[in-house]
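Report on the following structure.
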Amino acid sequence: MAITFAVFAVLFTAADRIAVHYADQEAGRLAKDKYDFTNAAMDVSIEGFPFLTQAADGTFDHVSLTARKFYLSTTGNRQGDWLDIDRLHLDLQDVTVTSLTARSAQANLATGTLTLTYKDLSDLVTRLAGRGGKLQASPADGSNGQAAQFKVTGTAEGTALDSTATLLAQGNELSLTVPGAPRATAAWKITLPDNTGFTAARSTPDGIEITLTGHQVTLGTSRFSR
């Protein structure tokens, strides 16, 4: 009896892990469809044990989603104004599947971070400035609330530039202001889960880090828009 029970336990554990792997892959595919991160590397992790028990009643303690190396564009195409995102990470707590048919769910709490590297920001401000120059982004003091600041130095259209740029994160929109640059402003929208928005932005030694928070977050195809 003890041996039989032990074998059953091992098989159940193996089945549980296989189910998690399958669910992770399926969740990743659906996340790509819903978030439209078709150019991103997507990782999804469904945590908690036993998974089969969670899956049976349609609830999950913790689901994390990470998208890497994707871009945003104000035109819908990769034109000169695109904004490269290094990483988007979301943690969804207390997730309940509300409809299998509609592929929808709700999370009590969503938290996460969006990160942009200074290299990508350097390339961005250089592209926005147009021909005849090279600009460099670097850390700066002065970030406050939802406004992150960073230094922009170099040459734009033959003129030296030494400016402090501001990246403002509000709602689901990122807006950039570079005083003195040939093209001083730009803005992008990012598709986030419903009821989720940016809450803070700051300059770090490695890049800009933006935090986001959401409550009673609805996840479903019909709730997302590009």
Taking the condition of being part of a strand (DSSP E or B) and either modelled with pLDDT of 95 or more or under 23 Å from the mean Cα position of the chain (by Cα) (or both), how many residues in the range 89-139 meet it? 28
So for the range 201-211 (the condition being buried (at least 18 other Cβ atoms within 10 Å of the Cβ), among the hydroxyl-bearing types (S, T, Y) and assigned to a strand (DSSP E or B)), does at least one residue qualify? yes
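Mind telling me which of the residues T53, T75, T66 ends up being modelled with pLDDT under 80, of a type in the set (S, T, Y) and either within 23 Å of G130 (Cβ to Cβ) or touching a strand residue (DSSP E or B) at 6+ places or on another chain (Cβ under 9 Å) (or both)?
T75
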Cβ-Cβ under 9 Å pairs, at least 6 apart or on other chains, the range 72-92 side among the β-branched types (V, I, T), far side at pLDDT 85 or above and part of a loop (DSSP other than H, G, I, E, B): T74/W82; T75/W82
Hey, among G154, G142, which residue is assigned to a strand (DSSP E or B), at positive phi and at pLDDT 80 or above? G154
Given the conditions (1) in contact with a Gly (Cβ under 8 Å, 6 or more places away or on another chain); (2) within 14 Å of S122 (Cα to Cα); (3) among the hydroxyl-bearing types (S, T, Y), report the number of the one that T177 does not fulfil. (1)
Going through (1) in a loop (DSSP other than H, G, I, E, B); (2) touching a residue at least 24 places away in the same chain (Cβ under 8 Å); (3) out of contact with any Gly (no Cβ under 8 Å at 6 or more places or on another chain); (4) not hydroxyl-bearing (S, T, Y) one by one, R183 fails only at (3)
Of the residues that make up the range 150-168, is at least one touching a Leu at 6+ places or on another chain (Cβ under 8 Å) and closer than 18 Å to S73 by Cα? yes
Would it be correct to say that A129 is surrounded by 19 or more Cβ atoms within 10 Å (Cβ to Cβ) and either of a type in the set (K, R) or under 25 Å from Q93 (Cβ atoms) (or both)? no
Kindly evaluate G197 against the criterion of being more than 24 Å from Y71 (Cβ to Cβ) and among the small types (G, A, S). no
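The values are calculated or read from the model by the stated rules, or taken from the named source; none is laboratory data. It should be emphasised that the depicted structure is a prediction, and the values quoted were computed from it without experimental measurement. Cβ atoms come from the backbone with ideal geometry, glycine included; neighbour counts cover every protein chain shown.
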